[in-house]
Amino acid sequence: MKRIITPIICFTAILVTLLNIDTITNKIVLVLNPTYKSSNNLNGISYKNGDFEFVSNTKNFTPYGKQDILNIFYTILNNGNETGTFYCPKEYKNCIDDVKNISKDQDLLTHLNNFLHPYKSFEKIKSDIYDTGEIQIKIDYIYSKEEINYLNTEIDKLIKELITNSKENKKEDDKEKTNEDYDKIKIIHDYIISKTKYDVDNNKEIQSYNAYGALKNHLATCNGYTDLMAIFLSKMGYENFKIATTNETTGHVWNVVKINEEWLHLDLTWDDPVSSDGKDYLYHKYFLINTEGLKKADENITSKEHEFNLAIYNELATKKSEE
């Protein structure tokens, strides 16, 4: 009798397993792969995760659409892991094709990068796709552990020196009412610009394209200005992200920060212009302005470097700025 019952039990178990393979596989991956734990940690340094309208963190690693895949990519990156694995379920017929398309869409990946803390932004992301439906992504991050340690040490010192000391030295009987957020961000905005020149030669050897080069070598492209400002903003407790132009003929990136429930633009590159007379200038034309203010600031400018896709950066829609 046991010989008959055992095969029946085994067959039933196999059948149940096959019918629930996606759920079981997903749970196995969640248990075995540390990618999916919200460690919020990169190189031993913790940061707050952010959810945005374009992309958000997820605990479900079985995708059923393109948005699910983007959220999985974002979550893996946001946790600071160098690899991550998920599986395409049989119900999602176009899953593998969508993974391939997303993986090779450099514009889309650039925008995805902008919603990550700079330390978690990637230089390259590779997707390995297997016949089993397994997707493994491998990530090369922009910043090394040594660069992150240097930036954290120096930026913490500067925040204490520039912000804390400034507040302590402020007279209590000051009659002029000031916005504390505005003041703090302005101090950092002005400091970065006063210490940094735009790298017209785009010299990769001095890393002017990131925050490390901007802070250490005092030369930066728009990426360097923006990353450095983003790190300061995050350390000071401000929710923020980067925003990139979607114009095909130009490329530019700048900061966005949330103050009093309003998302505002902050473009240090354009407030630190390259002058024809060789003099250093510091402007506040692109300092903490909403989308309408950005359009107004660009009224007499032919460049379209501040054009951006509201479907991606919907937090900055005019209706939201005016609410």
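The values are calculated or read from the model by the stated rules, or taken from the named source; none is laboratory data. Quick caveat: nothing in here was measured; it's all calculated off a predicted structure. Cβ sites come from the backbone with ideal geometry, for glycine too, and all protein chains shown count toward neighbours. Calculation scope for accessible area: heavy atoms of the full protein, side chains included, ligands and nucleic acids excluded. Shrake-Rupley method; radii C 1.70, N 1.55, O 1.52, S 1.80 Å.
Students often get this wrong, so check it: of Lys66/Lys242; Lys93/Lys120; Lys160/Lys197; Lys59/Lys126, which have C-alpha atoms separated by over 26 Å?
Flagged as over cut-off: Lys93/Lys120.
Which value, in Å² rounded to 10, gives the accessible area of Asp105 with a 1.4 Å probe and all protein chains present?
60
Long-range amide H contacts for Tyr141: which residues qualify at under 5 Å (H placed 1.01 Å from N, peptide plane, sequence gap of 5 or more or a different chain)?
Glu123
Could you derive backbone 3J(HN,Hα) for the stretch 283-294 from the dihedral phi with the Karplus parameters 6.51, -1.76 and 1.60 (θ = phi - 60°), listing whole Hz in sequence and x where the residue is Gly or Pro?
Rounded to whole hertz, the list is 10, 10, 5, 10, 10, 6, 10, 7, 5, 5, x, 5.
Taking 0.36 nm per intervening residue step and subtracting the Cα-Cα distance, what contour gain separates Glu299 from Lys258 on full extension?
12.3 nm
So what is the orientation-averaged projected area of the stretch 209-258, using the convex hull of its C-alpha atoms, in nm²?
Mean shadow area of the hull around the Cα atoms is 3.6 nm².
Past 22 Å, Cα to Cα, is the threshold; run Lys195/Lys279; Lys184/Lys285; Lys184/Lys296 against it and keep the listed order.
Lys184/Lys296, as the Cα separations exceed 22 Å there.
Using packing as a proxy for protection, rank 114-126, 135-147, 77-89 so that the peptide with the highest average count of other Cβ atoms within 10 Å comes first.
Output ranking for 114-126, 135-147, 77-89: 77-89, 114-126, 135-147.
Could you tell me the accessible area of Met236 in Å² (1.4 Å probe, neighbours in place), rounded to the nearest ten?
Approximately 30 Å² of Met236 is accessible to the 1.4 Å probe.
Say R0 is 45 Å: what FRET efficiency, to the nearest 0.05, do Met236 and Tyr130 get from their beta-carbon distance?
0.55
Along the Cα→Cβ direction, 7 angstrom out, place labels at Lys104 and Asn309. What is the inter-label distance in nm?
Simple spin-label model gives 1.8 nm for this pair.
On average, how much accessible surface per residue is there in the stretch 213-301, in Å², for a 1.4 Å probe, leaving out ligands, DNA and RNA?
43
Please report, as a whole percent, how much of the solvent-accessible surface of the stretch 66-138 comes from carbon and sulfur atoms (probe radius 1.4 Å).
Looking at the stretch 66-138 in its full context, I get 41 percent from C and S.
Using θ = phi - 60° and the Karplus relation 6.51 cos²θ - 1.76 cosθ + 1.60, list the HN-Hα couplings for the stretch 78-90 in order, rounded to whole Hz, with x at every Gly or Pro.
Result, ordered by residue: 5, 7, x, 7, 7, 9, x, 10, 8, 10, 7, x, 5 Hz.
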